[in-house]
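I have placed the structure first, in the form of structure tokens, so that the comments after it can refer back to it.
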Amino acid sequence: MNNQKSFNTLLLVQAAMIAALYVVLTFIANELGLASQAVQLRFSEALTILPYFTPAAIPGLFIGCLLSNVLTGLALPDIVFGSIATLIGAVFTRKLRRYKWLAPIPPITANTLIIPPVLLFAYGIKPLWFSFVTVALGEVLSCGVLGMLLLFALSKYRGRLFPGE
């Protein structure tokens, strides 16, 4: 039972650290004008590969995205649906963890499908097709390129960073 408590504490700490890191990275991108609107390149989205390593990343990413969206002053639909897109991406990244190269596909797909209509209805950003292109491009760069670089860098230290996995 003591081992289970230690493992649960570890997952809680990991989730909190991931959420905090997501917020900090989003604030950096926000200061550079890259975190919201039609053209988005959130450095924090690279963290969406973390469910490959630990289930703690699922709530960590969701809470981090939710807090980031609230604290950077986004519209309510963006807060809600952006956070849900991150949650969906995280859950499916975890489900596909046997296939390392697929890790960035769920968050890229979820955000590309969910965020453009939010940009149209919450902010009036037109045309819709342009938002699909820019969000997809931003997600490919954030999750696909930066995320995969992070995945390979962390793979070397997997046992130390994510014990019990």
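Below is a table of values for the structure above.
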read-out: Criterion violated by residue 57 - all others in (1) of a type outside the set (D, E, K, R); (2) surrounded by fewer than 20 Cβ atoms within 10 Å (Cβ to Cβ); (3) out of contact with any Gly (no Cβ under 9 Å at 6 or more places or on another chain) satisfied; value: (2)
read-out: Qualifying residue in region 23-40 (condition: crowded, with 17+ Cβ neighbours inside 10 Å, at pLDDT 95 or above, of a type outside the set (A, V, I, L, M, F, W, C) and touching a Leu at 6+ places or on another chain (Cβ under 9 Å)); value: no
read-out: Those residues of region 54-76 which are within 21 Å of residue 33 (Cβ to Cβ) and either assigned to a helix (DSSP H, G or I) or of a type in the set (S, T, N, Q) (or both), in sequence order; value: 64, 65, 67, 68, 69, 70, 71, 72
read-out: Subset of region 66-86 (residues that are farther than 13 Å from residue 115 by Cα and buried (at least 16 other Cβ atoms within 10 Å of the Cβ)); value: 66, 67, 68, 72
read-out: Condition check for residue 87: without any contact (Cβ under 8 Å) to a residue 40 or more places away in the chain, of a type outside the set (D, E, K, R) and either in a loop (DSSP other than H, G, I, E, B) or in contact with a Phe, Trp or Tyr (Cβ under 7 Å, 6 or more places away or on another chain) (or both); value: yes
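The values are calculated or read from the model by the stated rules, or taken from the named source; none is laboratory data. Predicted, not measured: the structure shown is a model, and the values here were computed from it. Here Cβ is always computed from backbone atoms with ideal geometry, including for glycine, and neighbour counts include all displayed protein chains.
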